[in-house]
Amino acid sequence: MSRHLLLILVLAGIVLQQCRVVRELQQSGASTPTGMEGLRQVCMAQDTIQSILISKAEAILVFDDERYEVTITLFSKKDSIIYISAVNSGFEILRASVEPDSIKVIDRIHRIVYRTPLYKRFGYQHPVNFRDLQNVISRYSLCDDMEQARDDYGENLSFEFDENYIKKRIFLDRTDLRMNKFEFYHSRTNEYLMGERTEGGYKTYSNFIIKDFEIITSGGVIKYNQERKVRMDVNHKKYSFVEL
């Protein structure tokens, strides 16, 4: 498995929360209000959420004209870490962590550990940072940025986080508050990370860090405020290390 495909799997895990058929456990059965007022009420009701655990989700990857199917588990702790595990035919092929300043990927097949900075000291930044990825994982992260929200009174609540040369937009359905799409695009480097909700699941496109690819994610069970021990250690005698 190439390092490009491994990083694709990381991004596949990051968008799991937006899958069309995710079942949310431990949530009330009350109907969700709409628009800005609905988002405010949801944020007030869920302001204790500090972590998200998604298990048994499916991802289909299309890369270099090849199709791959994996089962993904994701754990995200607010402002701290995003952890992802990908399994194919009962065997873990990937384990990854995303922290505010870096991404680490363990390739179980070839016994290689890849590391790459998420924040660069010099030059142009990537189109997304840790906070952007956290916002894509869960609408609850957007509760900290209510002042950035705009209600078009049509289909969407929109959030704009634009930076120099970088367009950053997230759109929530104003009725059910699920994410309809997101767009992160750097006008100088032409790097992008984009996604949209479809009938078959959540489709993501990107050339961020890696070449063009497409992911469709669906299914899964989600739980909130679950503790999970994240282990990214490997036997240094058995693994090689690559800086990207």
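Rule-based calculations on the coordinates, nothing more; no lab input. Treat the numbers as computed from the prediction; the structure is a model and nothing was measured. We place every Cβ from the backbone using ideal geometry, glycine too, and count neighbours over all the protein chains shown.
What FRET efficiency do you get for Asn164 and Glu69 if R0 is 51 Å and r is their Cβ-Cβ distance, rounded to the nearest 0.05? Intermediate results must be reported in sequence, preceding the final value.
Details: r = 39 Å, r/R0 = 0.77.
Here the calculated transfer efficiency is 0.85.
Summary of packing: across the peptides 172-183, 230-241, the per-residue average of other C-beta atoms within 10 Å ranks them, highest first, as 172-183, 230-241. Fully extending the segment from Gln46 to Glu147 would add 34.6 nm, taking 0.36 nm per residue of separation and subtracting the current Cα-Cα distance. Amide H contacts under 5 Å for Met232: none, restricted to partners 5 or more places along the chain or on a different chain, H placed in the peptide plane at 1.01 Å from N.
Pairs from the list Lys181/Lys238; Lys56/Lys167; Lys104/Lys203; Lys56/Lys78; Lys120/Lys168 with a Cα-Cα gap above 30 Å: Lys181/Lys238; Lys56/Lys167. Neighbour counts of C-beta atoms inside 10 Å place Thr73, Thr198, Thr217, Thr116 in the sequence Thr198, Thr116, Thr73, Thr217, starting with the fewest.
The modelled label-to-label distance between Arg228 and Glu199, using points 7 Å beyond Cα along the C-beta direction, is 3.2 nm. The alpha carbon centroids of segment 152-189 and segment 96-145 are separated by 19 Å. Consider a paramagnetic label point 7 Å from the Cα of Ser187 along Cα→Cβ; state which residues of segment 148-172 have an amide N under 13 Å from it. In segment 148-172, the label zone of Ser187 (backbone N under 13 Å from the point 7 Å along Cα→Cβ) covers 162-168.
Projected label points at Tyr119 and Lys238, each 7 Å from Cα along the beta carbon direction, are separated by 3.4 nanometres.
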